[in-house]
Protein chains: 2
Amino acid sequence: MGSVLIRNVLLLTMNPQREVFDAGAVVIEDDTIAYAGSEPNPLSRCDEIIDGQGGILMPGMVNAHTHAAMVAFRSLADDVPDRLQRYIFPLEKKLVDRRLVAAASRYAIAEMLLGGVTAFCDMYYFEDETAKVAKDIGIRAVLGETVINFPSPDSPVPYGGLEYCARFIPQWKGDALITPAVAPHAIYSVDAPHLQECSRLAKRFGTPLTIHLAEMDYETEQCLKQHNMTPVRYLDSLKILDDACIAAHVINADAQDIELIKARKTGVSHNPGANAKGAKGVAPAAEMYRQGIKIGLGTDGPMSGNTLDVLTQISLTGKIHKLYHHDRALFPAVELVEMGTLGGARALGLDRLIGSIEAGKKADLVLLETESFNMRPRYDPYSVIAYSANPGNVDSVWVNGNAAVRSGKLASADSTKIKYDFSALQAEIREYLKNCG
Amino acid sequence: MGSVLIRNVLLLTMNPQREVFDAGAVVIEDDTIAYAGSEPNPLSRCDEIIDGQGGILMPGMVNAHTHAAMVAFRSLADDVPDRLQRYIFPLEKKLVDRRLVAAASRYAIAEMLLGGVTAFCDMYYFEDETAKVAKDIGIRAVLGETVINFPSPDSPVPYGGLEYCARFIPQWKGDALITPAVAPHAIYSVDAPHLQECSRLAKRFGTPLTIHLAEMDYETEQCLKQHNMTPVRYLDSLKILDDACIAAHVINADAQDIELIKARKTGVSHNPGANAKGAKGVAPAAEMYRQGIKIGLGTDGPMSGNTLDVLTQISLTGKIHKLYHHDRALFPAVELVEMGTLGGARALGLDRLIGSIEAGKKADLVLLETESFNMRPRYDPYSVIAYSANPGNVDSVWVNGNAAVRSGKLASADSTKIKYDFSALQAEIREYLKNCG
C-alpha cells in the first residue's frame with residue numbers, strides 16, 4: 001500500500017482540540033495515519049499525492065446500528081403499523097438465506113461506502129456472509145449474529161443463533177477489519193436465561209454484545225409489567241449492561257436509566273431517521289450526549305430508515321432535537337459531526353483505532369467535495385456537513401488506508417456486478433410477493 | 001423548441017387518479033405536455049427522443065417559500081439564539097445590494113434546479129434582479145418584493161418596498177415564468193395600515209401577496225397582547241387572508257385558524273427543515289393537509305434551512321409529523337410527494353399550469369436516476385422519493401419545456417461563471433466579517 005499524501009483539503013481532525021486546518025494535509029502509511037495537520041512544505045515524499053481540490057477531509061463516518069442485508073426489502077410496506085410482526089418477520093422467514101444475505105450485504109456496504117460510512121455495526125443472520133463481503137470490499141464492521149426466540153433464517157431451532165455465534169466468532173476474531181459479536185435481538189424476543197447465555201458467550205470470546213434496547217413502547221410496557229423495571233434496568237439486573245454492550249435506539253430511558261448507561265460505560269446508537277419514520281419517539285440523545293455517554297448515530301436497517309448514510313442522521317439529529325427541546329442552540333454542528341464520527345467509534349469500542357484524524361490512528365477518511373452548489377459558502381465547515389451536505393457530495397473514502405471510493409465511484413469493488421446480483425434478487429422477491437398477493 | 005419524447009421512465013403523473021406508468025412516456029410540445037401515459041407504440045414522431053434509462057419521471061418540485069439570495073450567508077452564525085435580530089438584519093443592512101442579490105439569486109436558482117425544483121416563491125429585496133436571473137436561467141417563480149417597517153437594503157425609507165413593488169410588478173406582470181408579488185415581511189414588522197396598503201396593491205395588480213405568518217413565538221404573544229387575536233385571525237381581520245395570499249410557516253395556528261385558512265382558500269408553505277433547525281415548532285401541517293388546505297413545502301431561506309431542495313423537505317415532513325403524532329401511518333409517501341409538487345403549485349396559485357404531469361399542463365418535469373445504490377429497490381417509487389432519494393439523484397429537469405439540467409449538470413446556464421461570481425462575493429463577505437470581528 002505504501003504512503004499516500006492527501007493535500008489541499010480543509011481538514012477536520014476531530015482530535016481532542018477539534019483542530020481544523022484550512023490548508024490541511026494527511027499522510028497515510030499503509031493502514032495508518034502518519035501525519036495530520038497543515039500542509040507540509042516541502043511536500044513529503046510519498047508514493048502517491050492526491051489533490052483534495054479544496055474539499056473537506058473528515059474522519060470516516062460510523063453507522064452504529066443497521067441490518068445491512070435488509071436493503072433487499074427497502075421501500076416495501078412503508079407507512080403501515082406494526083410492520084415488524086406483520087411484514088418483516090414473515091418476509092425474513094420466507095426469503096432470507098445465505099445467498100440473499102451475501103448479495104444484499106454487498107449492496108448495502110457499497111452504498112454505505114459511497115455515502116462516507118467507513119465502519120458499521122450490524123445485527124442480522126448469516127453474519128459470516130456479511131463478514132466475508134465486508135472484508136472483501138474493505139469496510140470496518142462489528143457484526144452481531146442474531147439470537148432470537150424462534151426458528152430464524154439461519155437456524156431451525158429457537159436461539160440457534162447462540163451456536164451460530166460459537167462457530168462464527170472464532171473464525172473472525174482478531175481480524176483487522178471485522179469484529180464478530182453476539183446480538184440478542186431484544187429483551188422481548190430473548191428470555192433472561194438466553195440473554196445471560198449471550199452475555200457469557202460474548203465475555204468468553206471478548207467480543208461486543210449488541211441489542212435493541214428501550215426501542216418499542218410495548219417493550220417498556222411488558223418489561224414494567226413482568227419485571228417491574230424499565231428495559232435498561234432489567235438488562236442491567238442481568239449484568240449485561242457493560243462497556244462491551246452496544247445498545248441500539250434507547251428511546252424510552254429515564255434519568256436513572258441514563259445514569260446506569262453512563263456508569264456501565266455502555267455504548268449507544270441513536271437512530272433518529274428510523275425512530276422518526278417509525279414514529280417510535282424522541283430518544284434522550286441530548287441528555288446522553290451531555291453526560292458523556294458513548295453515543296453514535298445509526299441508520300437502523302434500510303427497511304426502517306431507508307437510507308444507509310450517516311450524513312442524513314447527523315442532519316436529523318440536529319433538527320429533531322432542536323425542535324423537540326425548542327432550543328436552536330442545542331447540538332451545534334460540531335457536536336453533530338462528532339456524533340457521526342468519533343461518537344460512533346466510541347459506541348463501538350473502536351475509538352482507539354478510528355473516529356478522528358490523528359497520527360497513529362487507522363486511516364478511515366472521507367473527502368467531501370465542495371464544488372457542488374449545495375456545499376458553498378463554507379463559513380463554517382461543520383455547518384456545511386450538518387445542514388447542507390448529502391451523500392452525493394462524498395468524493396473519496398479510505399478504509400484502513402485503502403481507497404474504497406474515488407470521484408464518487410466505488411474503487412474497491414465492481415459496482416455493475418453488485419447491482420446485477422442485487423437485481424436478480426429483486427426479481428425473485430417481486431415474484432414471491434406476486435404469488436403470495 | 002419543437003417536440004421531445006421522454007421514454008423509458010417510471011412515470012408518476014400526480015394526476016387526480018395518481019396514475020403511475022411502469023413503462024411510461026411524456027411528449028413535450030414547445031412549453032406544454034402533449035402526452036403522458038404508457039410508452040406509445042410505435043413511438044411518436046418527435047424532434048428529440050430522450051431515453052430516461054428507467055428513472056422516475058415526476059412533476060417538477062415547488063419550493064413554496066425561500067429567500068434565495070440569502071444563500072450568500074449560508075453557514076454563518078448557525079445554532080445561535082435570536083439570530084434574525086442579532087445577525088440577519090444587521091448583515092443584510094451592511095451587505096445586501098443589487099449586485100449581491102443578482103449573483104446570489106443566480107447561484108441559488110442553479111442549486112434549486114439541480115435539486116429538482118422547477119418553481120419557487122421568493123421574498124427578498126431587489127426582486128427585479130431575481131426576476132431577471134430567474135428568467136435568464138429558466139425557472140418559474142413567484143417573486144415577492146419585501147415591505148418592512150425599517151429602511152431596507154433596497155429602500156432608504158421604511159415601507160419603501162411599496163414603491164418598489166409599484167415599479168417592479170408592472171414590469172413583470174404577464175411573464176410566462178415570473179409572477180411578481182407583494183411581500184409584507186410579517187405582522188410584527190409591518191403595521192396594519194401598511195399591511196392593508198400591501199393588500200390593496202396586490203389586488204390592484206392582481207398579484208399574489210406572500211407573508212411570514214404565525215412563525216415566531218413572540219409574534220403570537222405580541223399579537224394576542226395587542227390585538228387579542230392570533231396572527232391568523234388578525235390578518236383575516238385586515239381582509240388580507242384570501243386565495244391570493246401565500247402564508248409561510250403557519251406554525252402557531254389553532255383549529256379556528258385552520259378553519260379560517262381553509263375558508264379563505266389561502267395557500268400555505270410548510271417549511272419543516274427551517275422550522276426544525278430554528279427550533280420554531282411543529283406546524284399543524286397534517287391537520288391542514290387533511291382539511292384540503294392548499295399546502296406545499298418550502299425550504300425557507302438558505303441561512304435558515306441551509307438547503308434549497310424540496311426532496312429534503314419531503315423527507316422531513318414525513319419523519320417529523322409521524323414522530324410528533326406518534327403515528328407511522330400518517331403522511332404516507334404518496335402524500336409527501338404530492339405536497340412537494342402539486343401541493344406547492346396549489347399554494348402558489350399555479351396548479352392550473354403545473355404540479356402534475358398531464359396533457360395541457362406546462363412541461364415542468366424532473367427525472368430522478370435510479371442507478372445509484374440508494375435508489376434501489378423500487379417496490380414503491382413514492383417511498384424511494386420520500387425516504388431514500390437525495391438531490392444528488394436528480395438527473396434532468398425541464399422548466400416550461402426547456403431542459404435546465406441534463407445528466408446532473410446545469411444545461412441552461414454556465415455553472416463555472418455562476419460559481420466564480422459567487423466566490424468573489426464570498427471573498428468580500430469574509431473580508432467584511434474579518435474587519436468587524
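The values are calculated or read from the model by the stated rules, or taken from the named source; none is laboratory data. Model, not experiment: these values are computed from the prediction. Cβ coordinates were reconstructed from backbone atoms using ideal geometry, including for glycine residues, and neighbour counts include every protein chain displayed.
When you look at A:Leu311, is it surrounded by fewer than 24 Cβ atoms within 10 Å (Cβ to Cβ), farther than 20 Å from B:His321 by Cβ and either touching a residue at least 12 places away in the same chain (Cβ under 8 Å) or in contact with a helix residue (DSSP H, G or I) (Cβ under 8 Å, 6 or more places away or on another chain) (or both), yes or no? Judged against the criteria, A:Leu311 is not a match.
Checked against the criterion of being within 23 Å of the chain's Cα centre (by Cα) and surrounded by fewer than 23 Cβ atoms within 10 Å (Cβ to Cβ), region B:53-60 has no qualifying residue.
Of all residues in region A:384-411 being away from every other protein chain (no Cβ under 14 Å) and small (Gly, Ala, Ser), which is farthest from A:Ala363 (Cα to Cα)? By that ranking, first place goes to A:Ala411. Consider region A:323-352 and keep the residues that are facing chain B (nearest Cβ under 8 Å) and surrounded by fewer than 24 Cβ atoms within 10 Å (Cβ to Cβ). The one that is nearest to A:Ser388 (Cα to Cα) is A:Ala333. The listed residues are A:Ile251, A:Ile293, and the only one of them that is touching a helix residue (DSSP H, G or I) at 6+ places or on another chain (Cβ under 7 Å), assigned by TED's automatic domain parsing to the domain that holds A:Met339, under 30 Å from B:Pro377 (Cα atoms) and at pLDDT 95 or above turns out to be A:Ile251. Only one entry in A:Ala202, A:Ala181 is in contact (Cβ under 8 Å) with a residue 24 or more places away in the chain, of a type outside the set (Val, Ile, Thr), outside any helix (DSSP H, G or I) and out of contact with any Lys or Arg (no Cβ under 6 Å at 6 or more places or on another chain), namely A:Ala181.
Check whether at least one residue in region A:104-116 is touching a Phe, Trp or Tyr at 6+ places or on another chain (Cβ under 7 Å), outside any helix (DSSP H, G or I) and touching a residue at least 24 places away in the same chain (Cβ under 8 Å), and report yes or no. Scanning region A:104-116, I find no residue that is touching a Phe, Trp or Tyr at 6+ places or on another chain (Cβ under 7 Å), outside any helix (DSSP H, G or I) and touching a residue at least 24 places away in the same chain (Cβ under 8 Å), so the answer is no. For region B:282-296, the count of residues that are in contact (Cβ under 8 Å) with a residue 12 or more places away in the chain and facing chain A (nearest Cβ under 8 Å) is nonzero. Taken over region A:206-228, residues that are surrounded by fewer than 19 Cβ atoms within 10 Å (Cβ to Cβ) and either outside any helix (DSSP H, G or I) or in contact (Cβ under 8 Å) with a residue 24 or more places away in the chain (or both) amount to 5.
Among the residues of region A:272-311, the ones that are part of a helix (DSSP H, G or I) and more than 20 Å from B:Phe331 (Cα to Cα) come to 8 in all. Taking the stated definitions as given, is B:Gly278 within 14 Å of the chain's Cα centre (by Cα), within 14 Å of another protein chain (Cβ to nearest Cβ), within 19 Å of A:Ser315 (Cβ to Cβ) and not basic (Lys, Arg)? Considered against the rule, which asks whether it is within 14 Å of the chain's Cα centre (by Cα), within 14 Å of another protein chain (Cβ to nearest Cβ), within 19 Å of A:Ser315 (Cβ to Cβ) and not basic (Lys, Arg), B:Gly278 comes out as no. So which residues in region A:119-165 are small (Gly, Ala, Ser) and surrounded by 24 or more Cβ atoms within 10 Å (Cβ to Cβ)? Of everything in region A:119-165, those that are small (Gly, Ala, Ser) and surrounded by 24 or more Cβ atoms within 10 Å (Cβ to Cβ) turn out to be A:Ala119, A:Ala134, A:Ala141, A:Gly144, A:Ser152, A:Gly161. Flag: B:Asp395 matches the condition of being of a type in the set (D, E, K, R) and assigned by TED's automatic domain parsing to the domain that holds B:Glu48. A single member of B:Thr341, B:Thr312 is within 18 Å of B:Ile109 (Cβ to Cβ), in the same structural domain as B:Arg233 (by TED's automatic domain parsing) and not hydrophobic (A, V, I, L, M, F, W, C), and it is B:Thr312. Checked against the criterion of being within 29 Å of B:Phe373 (Cα to Cα), assigned by TED's automatic domain parsing to the domain that holds A:Gly401 and hydrophobic (A, V, I, L, M, F, W, C), region A:71-90 contains not a single residue that satisfies it. Of the residues making up region A:21-36, those that are farther than 17 Å from A:Gly401 by Cα and crowded, with 18+ Cβ neighbours inside 10 Å number 2. Here B:Ile246 meets the list (1) within 16 Å of B:Met216 (Cα to Cα); (2) of a type in the set (A, V, I, L, M); (3) assigned to a strand (DSSP E or B) almost entirely, failing just condition (1).
Against the test of being at pLDDT 95 or above and under 21 Å from the mean Cα position of the chain (by Cα), the options B:Val133, B:Val190 yield a single qualifying residue, B:Val133. Taken together, A:Tyr382, A:Tyr432, A:Tyr420 contain a single residue that is outside the structural domain of A:Thr207 (by TED's automatic domain parsing) and without any contact (Cβ under 8 Å) to a residue 60 or more places away in the chain, which is A:Tyr420.
In this entry, A:Ala263 is excluded by the filter for residues that are at pLDDT 95 or above, under 26 Å from A:Ser356 (Cβ atoms), surrounded by fewer than 24 Cβ atoms within 10 Å (Cβ to Cβ) and within 13 Å of chain B (Cβ to nearest Cβ). Among the residues that make up region B:167-177, is at least one of them assigned to a helix (DSSP H, G or I), of a type in the set (D, E, K, R) and surrounded by fewer than 20 Cβ atoms within 10 Å (Cβ to Cβ)? Scanning region B:167-177, I find at least one residue that is assigned to a helix (DSSP H, G or I), of a type in the set (D, E, K, R) and surrounded by fewer than 20 Cβ atoms within 10 Å (Cβ to Cβ), so the answer is yes.
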